[in-house]
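S.K.: Here you go, one structure.
The values are calculated or read from the model by the stated rules, or taken from the named source; none is laboratory data. Worth saying up front: this structure is predicted, and the values here are computed from it rather than measured. All Cβ positions, glycine included, derive from the backbone under ideal geometry; neighbour counts span all protein chains shown. Just so you know, the surface numbers come from the protein's heavy atoms only, side chains and all, with ligands and any DNA or RNA stripped out. Shrake-Rupley method; radii C 1.70, N 1.55, O 1.52, S 1.80 Å.
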Amino acid sequence: TATNFTTFRNFDPVSNEKFNFYSEKVQKAVNTYAYHHDYTENIYHKNGWINYNRENEYVEEHTHANSRISCIYYAKVPENSKGTIFKSPYIDMLPFPKNHDVIEVEAVEKRLLVFRSFLPHLVESGNNKEDRITLASNYM
């Protein structure tokens, strides 16, 4: 088992015209998300990257520091790919009965997740024979 391959800090798909479909879709979703959460400041793209998860590769638990809103777009999801697991940032506090401190969002091709950057998340290793490809972005 190994960590995945990522273009973090090396290639940002938002800055490449081949990914205009992604840039436009994400910006619209981020603006809508911000609007529904009463965020009135100007939202701008900070950075982005592509993740490639092969069989038995994983992404360690992490947050997206120095960002407000983050996105994951499932570009390619082969059979037996894992979804994204989100953990409550309050998981170390005393739990309430029937509290859902951990949820897994199924990896569905062309699904876009928009979430607060401080939410801890990870991807467990999968049994996918082909690359699971996601595009990720941060916004301020």
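S.K.: Name every residue in the range 25-53 that is in a loop (DSSP other than H, G, I, E, B) and either without any contact (Cβ under 8 Å) to a residue 40 or more places away in the chain or crowded, with 18+ Cβ neighbours inside 10 Å (or both), in order of residue number.
M.R.: Hits for the range 25-53 are 37, 38, 39, 40, 41, 42.
S.K.: Then there is this: Looking only at the range 1-14, filter to residues that are modelled with pLDDT of 75 or more and either open to solvent by 100 Å² or more (accessible area, probe 1.4 Å) or assigned to a loop (DSSP other than H, G, I, E, B) (or both); which one of those is nearest to residue 69 (Cα to Cα)?
M.R.: Of everything passing the filter in the range 1-14, 12 is nearest to residue 69 (Cα to Cα).
S.K.: Further question: Looking at the range 98-133, which of its residues are in contact with a Cys (Cβ under 9 Å, 6 or more places away or on another chain), crowded, with 17+ Cβ neighbours inside 10 Å and without any contact (Cβ under 8 Å) to a residue 60 or more places away in the chain?
M.R.: Selection gives 113 alone.
S.K.: Out of the range 54-94, which residues are crowded, with 16+ Cβ neighbours inside 10 Å and free of Cβ contacts under 8 Å to residues at least 12 places away in the same chain?
M.R.: If the condition is that a residue be crowded, with 16+ Cβ neighbours inside 10 Å and free of Cβ contacts under 8 Å to residues at least 12 places away in the same chain, then no residue fits.
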